[in-house]
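A quick write-up on the structure given underneath.
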Amino acid sequence: MFKRVAAIIAIFICTTVAWAILGSTIFYRTYDAESGLSGRVASTWGAPQAQAPLAIAREWPEEKTVEVEEKGKKITRTERQIHSEAVKIDASRVAATLHLDYRQKGLLWFSTYKVDFDGAYTFQNPTSREEEFVFRLPFPAQQAVYDNVQLLLDDKTLPLTFNGSQAVARTRLPAGAKGVLRAAYRSQGLDS
């Protein structure tokens, strides 16, 4: 009888060790593949996003007379420089509507989402003359798709240019005028 109990205990210990090895192998292989899989999910769905604040600046040209020496002769020439100064945002109302949508890749589930971003920023021309203003909306991720990107000043659409990872718009604002700049887009991302 002792031999039978010892055999059952030995079989139980060997089975437990085998299951522990199998479980740890599956666990290791699954989470080892996570780094490669998350990159593949990000390439099809979008990367994690972090929205930086919108930047508003006023720009003005300034001509400066400079003396330069070329080939032993002094030459006076006029150079045009563009100066820029950040404008303070008086108030902001920012909303992001998120829709969480889990995606499975291999044995892992990834938290993917769709986002509708909408921000309204109130500012004022601080000078006593009409000035040109530049609005820069940085995108929250390099590896993402952005739909319906808009910058509107007092509900009037501004023409956009896309410079690297940001949308840029320019307009003129009368002296002391207040404006409400609205920035909006749709996108999708992963995790955060």
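Some notes on this structure:
- Residues considered: ALA144, ALA169. Of these, the only one that is touching a residue at least 60 places away in the same chain (Cβ under 8 Å) and touching a strand residue (DSSP E or B) at 6+ places or on another chain (Cβ under 6 Å) is ALA144.
- The condition (being out of contact with any Ser or Thr (no Cβ under 8 Å at 6 or more places or on another chain), surrounded by 12 or more Cβ atoms within 10 Å (Cβ to Cβ) and in contact (Cβ under 8 Å) with a residue 12 or more places away in the chain) is satisfied by just one residue among VAL134, VAL149: VAL149.
- Qualifying position, being in contact with a His (Cβ under 9 Å, 6 or more places away or on another chain), of a type in the set (D, E, K, R) and in contact (Cβ under 8 Å) with a residue 60 or more places away in the chain, among ASP116, ASP191: ASP116
- Selection status of ILE89, among the β-branched types (Val, Ile, Thr) and more than 21 Å from the chain's Cα centre (by Cα): no
- Candidate set: segment 13-67, residues that are basic (Lys, Arg) and in a strand (DSSP E or B); chosen: the one modelled with the lowest pLDDT: LYS64
- Among the residues making up segment 139-176, those that are in a loop (DSSP other than H, G, I, E, B) and either touching a helix residue (DSSP H, G or I) at 6+ places or on another chain (Cβ under 8 Å) or among the hydroxyl-bearing types (Ser, Thr, Tyr) (or both) are GLN143, SER165.
- Subset of segment 46-94 that is of a type in the set (Asp, Glu) and over 13 Å from LEU181 (Cβ atoms) - its residue that is surrounded by the most Cβ atoms within 10 Å (Cβ to Cβ): GLU59
- Qualifying residue in segment 94-105 (condition: touching a Gly at 6+ places or on another chain (Cβ under 6 Å), part of a strand (DSSP E or B) and either among the aromatic types (Phe, Trp, Tyr) or closer than 30 Å to THR44 by Cβ (or both)): yes
- Positions within segment 159-192 being surrounded by 19 or more Cβ atoms within 10 Å (Cβ to Cβ), in contact with a Ser or Thr (Cβ under 9 Å, 6 or more places away or on another chain) and among the hydrophobic types (A, V, I, L, M, F, W, C), in sequence order: ALA167, ALA169, LEU181, LEU190
- Test for GLY106: is it among the small types (Gly, Ala, Ser), under 31 Å from the mean Cα position of the chain (by Cα) and either farther than 30 Å from LYS178 by Cα or surrounded by fewer than 13 Cβ atoms within 10 Å (Cβ to Cβ) (or both): yes
The values are calculated or read from the model by the stated rules, or taken from the named source; none is laboratory data. Computed from a prediction, not measured in an experiment: that's the story for all the values here. Note: ideal-geometry Cβ built from the backbone for every residue, glycine included; neighbour counts use all protein chains shown.
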